[in-house]
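Structure first, commentary second.
The values are calculated or read from the model by the stated rules, or taken from the named source; none is laboratory data. Being a predicted model, the structure only gives us computed values, none of them experimental. Because the Cβ atoms are built from the backbone with ideal geometry, glycine has one as well, and the counts that use them run over all protein chains shown.
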Amino acid sequence: MTVTAQQVREVALSLPRTTEHLVRERVKFRVGSLVYVALSQDETVMGFAYPKEERLALIASEPEKFHLPVKSDERYNWIRAWLAALDRAEMTELVIDAWCMVVPKRVATAHLHG
């Protein structure tokens, strides 16, 4: 079943310190000033924080699902996925992992194991 932007929103907004913003008609979820998930304008693509050094391996493993960010975002820890290719459990894991990259470790630990 295709993941929707609303499902991404539900997961992201359930995470502590997350705020939702509309920037250039794109929905972005962030902690403070750090964006960890963003949706494309047409809500078919989810960009998310991901270790730069691991993204080529992820893309190579599932090229029908994952792809590089736009050129200007390649310098960041960022990758993109087609929402239609993700299931809910995988999307949830990707969003939570991205969130863990931008919150203090103690906040992540308290939320995930508290």
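Before moving on, here are some points about what is shown:
- Of the residues making up the range 22-47, those that are in a strand (DSSP E or B) and among the β-branched types (Val, Ile, Thr) are VAL23, VAL27, VAL31, VAL35, VAL37, VAL45.
- Taking first residues from the range 60-75 that are in a helix (DSSP H, G or I) and partners that are at pLDDT 95 or above, the Cβ contacts under 8 Å between residues at least 6 apart in sequence or on separate chains come to ASP73/GLY47.
- Residues located in the range 76-89, provided they are in contact (Cβ under 8 Å) with a residue 12 or more places away in the chain, of a type outside the set (Lys, Arg) and closer than 27 Å to PRO16 by Cβ: TYR76, ASN77, TRP78, ILE79, ALA81, LEU83, LEU86, ASP87
- Verdict on ALA98 being crowded, with 16+ Cβ neighbours inside 10 Å, at pLDDT 95 or above and part of a helix (DSSP H, G or I): yes
- Of the listed requirements (1) under 11 Å from the mean Cα position of the chain (by Cα); (2) surrounded by 16 or more Cβ atoms within 10 Å (Cβ to Cβ), PHE66 misses just one: (1).
- Residue in the range 26-41 that is surrounded by fewer than 14 Cβ atoms within 10 Å (Cβ to Cβ) and either among the acidic types (Asp, Glu) or in contact with a His (Cβ under 9 Å, 6 or more places away or on another chain) (or both) present: no
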